[in-house]
Amino acid sequence: MAVSPKSLKCKIGPSILNADLSQLFLESQRLLDNGADYLHLDVMDGHFVPNLTIGHPVVKCLRNKIRHAFFETHMMVSEPAKWVEPMADAGVNQYTFHIEPVKEVIPLCRKIREAGMTVGLALKPGTGIEAVRQYIDHADMILIMTVEPGFGGQQFMTDMMPKVQWLRHNYPGLDIEVDGGVGLNTITACAEAGANMIVAGTAVINSSDQRAVMANLRETVERSIHKCNV
Ligand SMILES: O=C(CO)[C@H](O)[C@H](O)COP(=O)(O)O
Ligand SMILES: [Fe+2]
């Protein structure tokens, strides 16, 4: 892995997808109390992916209860431009959208920033890194999906790691997120490839010791960042 600047930080963002959503506030607060740096909120529209989850009204309710945490929405939707203002109004901090269905990526990045949010660009497993290269300067973070988007609890795809490695090599200071099947058995591959933003759903939610799992994920990533800085 190429040398990362000292400013690169490990951030752990659990996904609430497989949590008990009838207790969304309590589940989210518990994750934050147990050491989460941010919340990764999976938004699905039943078109871009074959599943439905939550939308901006639910995010807004959650924001009314949790004032200060960083909220990332992972927009698995066919028309991400449509939800920028509602999500900004709901108190979202980072708007991460898939580039696959979007014709005009750069104007959408601009719109998201104008709405006061940071920009994440997400790639499905079948999307090559060349598809995002031209947009990286317009984004704050790149999300490399390590499962086919749509469902929690799937198996991690190790063969996505070359994408992470390429990004880290060429963009030492970039926030690079991995999402899907990330847990104690797969974090080393993510960390060594250069990911610094870690989304973990079932590995954290299903654990009886969320704090220990998140601390373990963090230690592994911080060790890799440190190795590159010495
Ligand atoms: O975007 C997602 C699925 O499309 C989820 O964020 C992801 O799957 C998290 O769950 P797990 O860690 O269980 O895979
Ligand atoms: Fe996600």
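Each reported figure results from applying straightforward, stated rules to the coordinates on display, with no laboratory input. Computed from a predicted structure; not experimentally measured. Note: ideal-geometry Cβ built from the backbone for every residue, glycine included; neighbour counts use all protein chains shown.
Considering every residue within segment 141-149, establish whether at least one is in a loop (DSSP other than H, G, I, E, B), within 16 Å of ligand 1 (Cβ to nearest atom), of a type outside the set (Asp, Glu) and in contact with a His (Cβ under 9 Å, 6 or more places away or on another chain). Yes, segment 141-149 contains a residue that is in a loop (DSSP other than H, G, I, E, B), within 16 Å of ligand 1 (Cβ to nearest atom), of a type outside the set (Asp, Glu) and in contact with a His (Cβ under 9 Å, 6 or more places away or on another chain). Contact map, segment 202-230: first residue surrounded by 15 or more Cβ atoms within 10 Å (Cβ to Cβ), second residue β-branched (Val, Ile, Thr) and not in a helix (DSSP H, G or I), Cβ cut-off under 7 Å, separation 6 or more or different chains; pairs are 203/182; 214/12; 217/12; 217/198; 218/12; 221/198; 228/3. Please work out which residue is nearest to residue 199 (Cα to Cα), limiting yourself to segment 64-82 and to residues that are in contact with a strand residue (DSSP E or B) (Cβ under 9 Å, 6 or more places away or on another chain) and away from ligand 1 (no atom under 16 Å from the Cβ). Of everything passing the filter in segment 64-82, 69 is nearest to residue 199 (Cα to Cα).
In segment 98-112, the condition of being in contact with a strand residue (DSSP E or B) (Cβ under 7 Å, 6 or more places away or on another chain) and within 16 Å of ligand 1 (Cβ to nearest atom) is met by at least one residue.
When 132, 77, 92 are checked against the criterion of being β-branched (Val, Ile, Thr), surrounded by 20 or more Cβ atoms within 10 Å (Cβ to Cβ) and under 18 Å from residue 174 (Cα atoms), a single residue qualifies: 132.
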